[in-house]
């Protein structure tokens, strides 16, 4: 009887070997994805456990085109944040303001998570002792216990919602709660009047068209466009055509409309412009985050502020999306600042806010793919 069972087991194993080989092959091709969930508590004395949870929060931050341009390193109880240069967009984002804002959002998630776990973080920005480091984060036990639990709870729930909103405005008290997330030298300017929103919509549409017509820059963005959920999961990054919410024709023909080498790119540019105008017109309010002057530090700080604003919006049931084109295309920045009554300032983030149905989460590469743990 035992011999028969062994033979059957061997036969089953032999039959499964090709399937297992295919599964292993698929695992090698498909990156590990980070779940959109975080542990509620961690053992504060276990540095590795803390770091894995905190970096897990960091990778759930938004980034331009979901490029996830970050790399982390744990060394002797300190997490260092670096730029992943392979994920930069030097044509679309030549001064790296969007890249720095993406890293700022990631950094803010780390700090919020540490406070929520009852720890007191200390962050050094652009520390000179580690070449290339954007930030260095260490922590001790906080005597006052956990803080920032409300924003922490929103980290896995936050979404970038590119769908049209329903046009409802934002309550004044909610606007106040959102504006309170922007501090220091940064400022936030608001537009809520429908005629002014429509004027910014025209500007955003023109900027989106111009951005798409730039074939060199469009080649970069094309590299981050994903054609379906399977494509996104296979690569672990980028934005799907479905999430971009273009019209039916543009979505169906996206492979031609947005290909920088295609003769149909002009139709893609028109679709991008129409989508931007429609999206902004549907907003209940617009917010523009600015700094007195450009620079890596204010750009990083603006990413932190935007992330806190986005998380607070999530807790209030408010949908939000950052609109890059009016800031990315330099010739539109002056008109954008004048529309908000902020001439002479450095525009960093144009955010539309309102109400809409919840959208699915985008993919994220898992912690082991973006971090190294020297001391764990």
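For the reader, a short list of remarks on this structure follows.
- Qualifying residue in the range 168-177 (condition: crowded, with 19+ Cβ neighbours inside 10 Å and in a loop (DSSP other than H, G, I, E, B)): yes
- Helices (runs of 4 or more DSSP H) fully within the range 323-376 counting 1 or more residues that are out of contact with any strand residue (DSSP E or B) (no Cβ under 7 Å at 6 or more places or on another chain), under 23 Å from residue 283 (Cβ atoms) and not assigned by TED's automatic domain parsing to the domain that holds residue 90: 325-328, 333-339
- In the range 1-45, the residues that are at pLDDT 95 or above and either crowded, with 18+ Cβ neighbours inside 10 Å or part of a loop (DSSP other than H, G, I, E, B) (or both): 34, 35, 36, 37, 38, 39, 40, 41, 42, 43
- Screening residue 252 on (1) farther than 23 Å from residue 58 by Cβ; (2) in contact (Cβ under 8 Å) with a residue 60 or more places away in the chain; (3) out of contact with any helix residue (DSSP H, G or I) (no Cβ under 8 Å at 6 or more places or on another chain) shows it passes everything except condition (2).
- Residues of the range 200-219 that are out of contact with any helix residue (DSSP H, G or I) (no Cβ under 8 Å at 6 or more places or on another chain) and closer than 16 Å to residue 327 by Cβ: 214 alone.
- Extreme residue, nearest to the chain's Cα centre (by Cα), among residues of the range 89-140 that are closer than 30 Å to residue 211 by Cβ and surrounded by fewer than 19 Cβ atoms within 10 Å (Cβ to Cβ): 96
- Residue count for the range 142-164, restricted to those that are touching a residue at least 40 places away in the same chain (Cβ under 8 Å) and touching a strand residue (DSSP E or B) at 6+ places or on another chain (Cβ under 6 Å): 3.
- Against the criterion of being more than 21 Å from residue 197 (Cα to Cα) and either within 15 Å of the chain's Cα centre (by Cα) or surrounded by fewer than 23 Cβ atoms within 10 Å (Cβ to Cβ) (or both), residue 250 qualifies.
The values are calculated or read from the model by the stated rules, or taken from the named source; none is laboratory data. Nothing here was measured: the structure is a model prediction, and the numbers come from that model. Please note: Cβ atoms are built from the backbone with ideal geometry, for glycine as well, and neighbour counts cover all protein chains shown.
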